[in-house]
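Asks: Sharing a structure with you now.
What follows is calculated from the coordinates using simple rules that are stated; it is not laboratory data. Nothing here was measured: the structure is a model prediction, and the numbers come from that model. No Cβ is skipped: glycine too gets one built from the backbone with ideal geometry, and neighbour counts run over all protein chains shown.
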Amino acid sequence: MTDSLQQTAPFAALVAAAGSGTRLAAHMPKQFLKLEGLSLLGRVCQLLQKVEQVGALIVICPPGMLEQVSREHIEPLKLAKPVYLVEGGQTRQQSVRNGLKQAATLGYEWVVIHDAARPFASARLFSQVMDEALLHGAALAAWPSSDTVKIQQDGQVRTVPRENVWLAQTPQAFRLDWLEEALAGADTLASDEAQLLEASGKPVKLVAGPRCNFKITTGEDWQMAQSLSALPHIGQGYDVHAFKPGRPLILAGVRMDYHLGLDGHSDADVLTHALMDALLAAAGLGDIGRHFPDSDCQWKNADSLKLLKQVQAMLADYNIVQVSAVLLAEAPKIAPFIPAMQANWAGILGLTPDRINIAATTSEGLGFVGRGEGMAAKALAMLCRK
Ligand code: MG
């Protein structure tokens with residue numbers, strides 16, 4: 001390692017991802033579970049890209065999984081910083097020892113350790129912890145407890161003064177030689193690395209971390225993590241149909257009493273088509289042309305509400321939050337029918353009508369809508385991943 005790199009990025013980041021904990025999902029360790037399409041490990045590795053003081057990542061993997069972790073969780077991220085994968089040991093301390101060995105081989109004199117199962121740490125928190133470590137030798141993020149803490153022992157309960165209580169988190173940053181020494185002298189199993197430094201009499205500094213930097217351990221933690229990371233997915237849809245005499249006019253499943261209908265392969269429900277396109281777009285599933293092509297005779301004169309039901313079934317990974325549609329037409333007036341239209345969509349999408357807005361506007365006589373040649377519809381949909 002060059003001296004200039006050591007000055008700007010003196011830390012090797014050890015990502016603790018060797019746990020075999022399968023309490024959350026029977027099929028894989030929790031650090032490989034995905035939040036919004038990215039594994040917990042992947043999230044932490046991406047975050048570390050933004051932390052200036054980190055020069056290299058050392059991911060400590062479950063034994064026998066190096067190749068799989070690299071292929072499934074690291075390579076697809078195309079990270080700019082070098083990533084080294086090492087196997088973990090029987091205990092966390094052994095795993096950290098293996099990571100430290102790699103950091104020392106690379107010439108690093110400082111390490112920062114972070115749990116892969118804490119996906120909500122920030123680059124700022126990392127920087128604060130590492131800056132404190134550079135000043136004092138060892139520092140960790142911890143959350144100052146806002147709850148009163150009780151200790152129950154031998155049937156007796158007593159209270160610990162709250163102002164003295166900090167709940168340890170990661171990141172934890174250390175002089176590499178201090179941590180090596182502390183690990184070498186450790187005769188008990190510590191639940192975090194700072195504990196080993198404390199036991200060896202070294203100064204350890206606390207940096208206030210946010211409560212959301214919790215470690216995902218239980219099913220309840222996982223649910224909290226999912227709600228914290230749920231980003232809205234937005235999709236828009238647009239559709240046009242020409243008027244044709246002798247055809248029925250069906251809008252959002254409501255048959256209108258009008259002298260013209262809309263031409264199309266299916267029932268030409270222009271509003272429902274725009275809505276389906278918006279829903280599919282929000283989920284990244286293309287459009288209705290892909291799922292219900294004109295060339296397929298099974299969709300001839302199809303009831304578009306039945307197609308909407310099929311689209312809804314394709315969105316099993318999502319909660320539909322809100323939809324909004326606007327009809328562009330010179331006539332007829334649809335205002336009296338909007339509650340029935342909302343009810344049709346609400347029943348299929350599992351939404352309350354206040355989550356479904358349907359509006360209409362004319363085109364002031366302009367364009368194909370203004371000339372009364374047809375109708376257009378636009379729609380927006382917002383989804384959140386379950
Ligand atoms: Mg259409």
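Asks: Each label point is 7 Å from the Cα along the Cα-to-Cβ direction; what then is the distance between the points at SER363 and ASP177, in nm?
Replies: About 7.8 nm separates the two model spin labels.
Asks: Using alpha carbons only, what's the Rg to Rh ratio of region 156-303 with Rh from Kirkwood?
Replies: Radius of gyration over Kirkwood radius for region 156-303 works out to 1.42.
Asks: Note down the relative contact order for region 93-183 as a percent, whole number, built from C-alpha pairs under 8 angstrom at least six residues apart.
Replies: Relative contact order here is 38 percent.
Asks: Okay, next question. Which residue, VAL323, PHE243, GLN223, has the largest displacement toward the positive end of the dipole of region 183-325 when charges sit on each Cβ (Lys, Arg +1; Asp, Glu -1)?
Replies: Going by the charge dipole, the pick is PHE243.
Asks: To the nearest 10 degrees, how steeply does helix 92-105 sit against the main Cα axis of the chain, on a 0 to 90 scale?
Replies: The angle comes out at about 80 degrees.
Asks: Based on the Kirkwood radius over alpha-carbon pairs, what is the Stokes-Einstein translational diffusion coefficient of region 187-237 at 10 °C with 1.306 mPa s viscosity, in µm²/s?
Replies: On the way: Rh = 14.8 Å.
Value of D from the Cα-based Kirkwood radius: 107 µm²/s.
Asks: To one decimal place, what orientation-averaged projected area in nm² is obtained for the convex hull of the Cα set of region 52-101?
Replies: Value for region 52-101: 3.8 nm².
Asks: Mind putting a number on the dipole of the chain about its Cα centre? Charges go on the C-beta only, +1 for Lys and Arg and -1 for Asp and Glu, and I need it in Debye to the nearest 20.
Replies: So the magnitude is around 420 debye.
Asks: Relative to the first principal axis of the alpha-carbon coordinates of the chain, what is the inclination of helix 123-136, with its axis defined by its Cα atoms, in degrees from 0 to 90 and to the nearest 10?
Replies: Orientation of helix 123-136: about 10 degrees from the principal axis.
Asks: Given R₀ = 56 Å, FRET efficiency for LYS244-THR352 by Cβ-Cβ distance, to 0.05?
Replies: Rounded to the nearest 0.05, the efficiency is 0.95.
Asks: Also, I was wondering about something else. Based on alpha-carbon centroids, what's the gap between region 294-335 and region 181-254 in Å, whole number please?
Replies: The two parts, judged by their Cα centres, are 32 Å apart.
Asks: Which lysines, if any, have their Cα less than 16 Å from the Cα of LYS333, not counting same-chain residues under 8 positions apart?
Replies: Excluding near neighbours in sequence, the set is empty.
Asks: Would you mind ranking VAL86, VAL44, VAL240 so that the residue whose beta carbon has the fewest other beta carbons within 10 Å leads the list?
Replies: Least crowded to most crowded, the residues run VAL240, VAL86, VAL44.
Asks: Would you mind checking the tilt of helix 219-229 against the longest principal axis of the Cα atoms of the chain, expressed as 0 to 90 degrees and rounded to 10?
Replies: 60 degrees
Asks: Please report the net charge: other residues with Cβ closer than 12 Å to the Cβ of SER146, K and R +1, D and E -1.
Replies: 0
Asks: Please report Rg (one decimal) and Dmax (integer) in Å for the Cα set of region 15-169.
Replies: 17.4, 54
Asks: Compute for region 254-361: radius of gyration divided by Kirkwood radius, i.e. Rg/Rh, restricted to C-alpha atoms, rounded to two decimals. Intermediate values should be presented prior to the final figure.
Replies: Values: Rg = 13.8 Å, Rh = 14.6 Å.
That ratio is 0.95, to two decimals.
Asks: Here is a follow-up. Over region 1-151, what is the percentage of antiparallel beta bridges among all DSSP beta bridges, to the nearest 5?
Replies: Counting DSSP beta bridges with both partners in region 1-151, the antiparallel share is about 10 percent.
Asks: Could you tell me what percent of the DSSP beta bridges with both partners in the chain are antiparallel, to the nearest 5?
Replies: In the chain, approximately 60 percent of DSSP beta bridges are antiparallel ones.
Asks: Check GLN322: other-chain or 5+ apart residues with amide H under 5 Å from its amide H, H built from backbone geometry?
Replies: Under 5 Å from the amide H of GLN322: MET382.
Asks: Long-range amide H contacts for TRP166: which residues qualify at under 5 Å (H placed 1.01 Å from N, peptide plane, sequence gap of 5 or more or a different chain)?
Replies: SER145
Asks: Tell me the mean residue ellipticity at 222 nm calculated for the chain from its helices only (DSSP H runs of n ≥ 4, each -39500 (n - 2.57), averaged over every residue, nearest 500).
Replies: Value at 222 nm, helices only: -9000 deg cm²/dmol.
Asks: Still on this structure: Please compare each pair in LYS34/LYS309; LYS34/LYS378; LYS34/LYS205; LYS50/LYS202; LYS244/LYS378 to a cut-off of 25 Å on the Cα-Cα distance and tell me which ones are over it.
Replies: Flagged as over cut-off: LYS34/LYS309; LYS34/LYS378; LYS34/LYS205; LYS50/LYS202.
Asks: How large is the Rg to Rh ratio of region 34-117 when both quantities use alpha carbon positions and Rh follows Kirkwood?
Replies: Over the Cα atoms of region 34-117, Rg/Rh equals 0.93.
Asks: With viscosity set to 0.890 mPa s at 25 °C, what whole-number translational diffusion coefficient in µm²/s follows for region 102-223 from Stokes-Einstein and a Kirkwood radius over Cα pairs?
Replies: Details: Rh = 15.7 Å.
For these conditions, the coefficient is 156 µm²/s.
Asks: Just add up the charged neighbours of ASP192: K/R +1, D/E -1, any other residue whose Cβ is under 11 Å from the Cβ of ASP192.
Replies: In short, -1.
Asks: Taking N as the number of residues in the chain, what is its Cα Rg relative to 2.2 N^0.38 Å?
Replies: Compared with the compact-globule rule of thumb, the chain sits at 1.37.
Asks: Which order do peptides 364-372, 90-98, 262-270 fall in by mean Cβ count within 10 Å, highest first?
Replies: Put in order of decreasing packing, that is 262-270, 90-98, 364-372.
Asks: With the Cα gyration tensor of region 215-265 in hand, convert its eigenvalues to equivalent ellipsoid semi-axes via √(5λ) and list them largest first in whole Å. Write down the numbers at each step before the final one.
Replies: On the way: eigenvalues 477, 29, 11 Å².
In descending order the semi-axes read 49, 12, 7 Å.
Asks: Which value, in debye to the nearest 20, describes the size of the charge dipole of region 231-336 about its Cα centre when Lys and Arg Cβ atoms bear +1, Asp and Glu Cβ atoms bear -1, and nothing else is charged? Could the numbers behind the result be given before it?
Replies: On the way: 8 positive and 12 negative charges, 38 e Å.
Dipole about the Cα centre, nearest 20: 180 debye.
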